[in-house]
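Student: Sharing a structure with you now.
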Amino acid sequence: MRINERYILSLTSAFALGTFALALFDVIQLDLYISVYIIEYFIITLLHSPLKPRAGRILDIIGYALFVVFVVIVALRVWDILFGFALL
C-alpha cells in the first residue's frame with residue numbers, strides 16, 4: 001500500500017472513529033465536531049509527513065486554513081466564557 005493510500009485510509013478511519021465517539025456521548029455542538037476533525041487532520045498529516053513535495057505544499061495550505069478556523073472557534077468559545085454571551 002502506497003503512502004498516499006495509507007494517508008487517506010488513516011484519515012478516513014480517524015474521522016469515522018471520532019464521529020462515532022462524539023455521537024456515542026450525544027455531542028450536538030458543531031464546533032466541537034469541527035475541532036476534533038481538525039485535530040485529527042493535523043495528527044494524521046504529521047504521522048504521514050514524508051509526502052511528495054507538491055502534496056506537502058497543498059496539505060500545508062489546507063493546514064493553515066484549518067488552523068485559522070480552529071483559532072476562530074477557540075476565540076469564540078473564550079469570548080463566550082469570559083463575557084457570557086455568544087457572538088454567533
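Student: Before we move on, is Val36 exposed (fewer than 13 other Cβ atoms within 10 Å of the Cβ) and of a type in the set (Val, Ile, Thr)?
Tutor: No: the conditions fail for Val36.
Student: Taking interchain pairs and intrachain pairs at least six residues apart, which have beta carbon atoms under 6 angstrom, with the first residue in the range 2-31 and more than 24 Å from Val74 (Cα to Cα) and the second surrounded by 11 or more Cβ atoms within 10 Å (Cβ to Cβ)?
Tutor: Between residues of the range 2-31 that are more than 24 Å from Val74 (Cα to Cα) and residues that are surrounded by 11 or more Cβ atoms within 10 Å (Cβ to Cβ), the close pairs are Tyr7/His48; Ser10/Ile44.
Student: Given the conditions (1) in a helix (DSSP H, G or I); (2) at pLDDT below 95, report the number of the one that Phe42 does not fulfil.
Tutor: (2)
Student: State all residues of the range 54-80 that are over 15 Å from Ile39 (Cβ atoms) and in contact (Cβ under 8 Å) with a residue 24 or more places away in the chain; if no residue qualifies, say none.
Tutor: Ala55, Leu76
Student: Under 6 Å between Cβ atoms, which residue pairs at least 6 apart in sequence (or on different chains) link something in the range 32-45 that is among the acidic types (Asp, Glu) with a partner that is part of a helix (DSSP H, G or I) and at pLDDT 95 or above?
Tutor: Note: pairs meeting the criteria are Glu40/Ala14; Glu40/Gly18.
The values are calculated or read from the model by the stated rules, or taken from the named source; none is laboratory data. Here the structure is a predicted model, which is why all the values come from computation and not from measurement. Neighbour counts are summed over all protein chains in view; Cβ atoms, including those assigned to glycine, are modelled from backbone coordinates with ideal geometry.
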